1. Sorting Ile163, Ile97 on the 10 Å Cβ count, fewest up front, what's the list?
2. Which ordering of Leu116, Leu154 is given by a fewest-first count of other beta-carbon atoms within 10 Å?
3. Based on the alpha carbons, how large is the Rg to Rh ratio for region 99-147 when Rh follows Kirkwood?
4. Quick one: which residues, 5+ away or cross-chain, put their amide H under 5 Å from the amide H of Ile163? H built at 1.01 Å from N.
5. If you keep only loop residues by DSSP, which GluC sites (Glu not before Pro) in region 72-156 have at most 10 other Cβ atoms within 10 Å of their Cβ?
6. How big is Rg to Rh over region 114-182, alpha-carbon atoms, Rh as the Kirkwood inverse-mean-distance radius?
7. As a test, work out the antiparallel percent of DSSP beta bridges whose residues both lie in region 4-181, rounded to the nearest 5.
8. Given the C-alpha centroids of region 6-34 and region 64-116, what is the distance between them in whole angstrom?
Amino acid sequence: MSRLTVIAGPTAVGKGTVVQYMLSHFDNVHLSVSATTRAPRPGEVDGRDYFFVTAEKFDAMIADGEMLEYAIVHGVHKYGTPKTPVIEALARGEHVILEIDIQGARQVKRVMPEALLVFIKPPSWEELVRRLDARGTESETEQEARLKTARTELDSASEFDAIVVNEDIAKCAHDVLDLIQA
Ligand code: 5GP
């Protein structure tokens, strides 16, 4: 049975790596590509990592009813899930994964209550700070903003259907798959 699964969790917890592991090791998994108004990071590809769009285009997608959910994340940029590819992948019988923030997770649960909401937690707060620093893709100000959001997000973990700790990527990915297939 196909299932819509939302994977959320604080910045730098390793959601992206866990999802990539799932895509390369498990069959029948489809990752939704979000639209965003933020600029691409080095190495990011339009249409693969995100659909990088202007604020005007993003607003037009909302107005056209093309967004399953959307949110302003870290107080700056807009991020949203285009609806059609999700509906089509579910119709093909695939497990659809949305890697989105908590505001988006809440919206998805409202419109699709059958969705599974999984929260990925770091082993500890110190480890989260270390991972964000090690990634080195954000300025200090941006790191601070992300950690502030992370604190609030960790407080919301109890709203999710399941919580999985990302101590080890493969283990975490298998835990998520077990939940999807349960
Ligand atoms: P980043 O800028 O690091 O790629 O992503 C920042 C945050 O935006 C992440 O926490 C990610 O989960 C969230 N995000 C990415 N795509 C979407 C989306 O389509 N909708 C929502 N609500 N959040 C998203």
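We did not get these values from a lab; they are worked out from the coordinates using the rules stated. Just so you know, these numbers come straight off a predicted model, no measurement behind them. Note that we place each Cβ from the backbone using ideal geometry, even for glycine, and neighbour counts take in every protein chain shown.
1. Result, fewest neighbours first: Ile163, Ile97.
2. Leu154, Leu116
3. Result: Rg/Rh = 1.10.
4. When sequence neighbours closer than 5 places are left aside, the close amide H contacts are Phe119.
5. Listed in order of number, the matching sites are Glu114.
6. Radius of gyration relative to Kirkwood radius: 1.02.
7. If I count the DSSP bridges inside region 4-181, around 30 percent turn out antiparallel.
8. 14
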